[in-house]
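**Student:** If you scroll down you'll find the structure; I have some questions about it.
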Amino acid sequence: MNEGVEWALHSCLNLAWIGPERAVTAARLAAYHELPAAYLNKQLQALSRAGIVSSVSGPKGGFRLARPLDRITLMDVVAAIEGPEEAFRCSEIRQQGPGAGPAGGHAAECAIAGAMGAAELAWRRELAARTLDDVRQRAELQAPAAPERIRHWFANA
């Protein structure tokens, strides 16, 4: 999983703490964590296409959450950034080399592909069961001052 997922998740939490009344530019969101603005903007555009954030144009434009955190799953964010493709793609290398059987000789699913597919399904189900609001609650328990500190930092921009 690329770092864009982490950046997107943090950006969503920051936008939630900033509040729905204010849009924030990609450059400002990037500056908070000292990230490359152009690359974070690509992640935010992907979140926008997925309906997770909305883009506001104009002098007070930027991004804001498009729906409440309890309606955004971790899987929503991962799929927006990484795409819907499976992480493991079996290329049937068992059909190559000296151990390869005759064409079509491996009718059964590859045991490795089956195990990887089952693990990925469990991973996706877990991500789909967790919302950004779950993450927000845990983050606020770990760092109770974070929301106010973030609101203050972005308000004094």
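The values are calculated or read from the model by the stated rules, or taken from the named source; none is laboratory data. If you're wondering where the values come from, they're calculated on a predicted model, not measured in any experiment. Here Cβ is always computed from backbone atoms with ideal geometry, including for glycine, and neighbour counts include all displayed protein chains. Keep in mind that these areas ignore ligands, DNA and RNA; they rest on the heavy atoms of the full protein, side chains included. Shrake-Rupley method; radii C 1.70, N 1.55, O 1.52, S 1.80 Å.
**Student:** Can you tell me which residue is nearest to LEU121 (Cα to Cα) among those in segment 52-96 that are small (Gly, Ala, Ser) and open to solvent by 30 Å² or more (accessible area, probe 1.4 Å)?
**Tutor:** Selected residue: ALA87.
Residues are listed down the side, and each one gets a yes or a no for (1) aliphatic (A, V, I, L, M); (2) within 24 Å of HIS10 (Cα to Cα); (3) touching a residue at least 24 places away in the same chain (Cβ under 8 Å):
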site	(1), (2), (3)
LEU29	yes, yes, yes
LEU44	yes, yes, yes
VAL78	yes, yes, yes
ALA87	yes, yes, yes
SER91	no, no, no
LEU121	yes, no, no
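**Student:** Yes or no: CYS110 more than 25 Å from ALA146 (Cβ to Cβ), touching a Gly at 6+ places or on another chain (Cβ under 9 Å) and of a type in the set (A, V, I, L, M, F, W, C)?
**Tutor:** The answer is no for CYS110.
**Student:** While we're on this one: Taking into account only those residues within segment 116-145 that are in a helix (DSSP H, G or I) and in contact with an Asp or Glu (Cβ under 7 Å, 6 or more places away or on another chain), which is nearest to ARG28 (Cα to Cα)?
**Tutor:** ASP133
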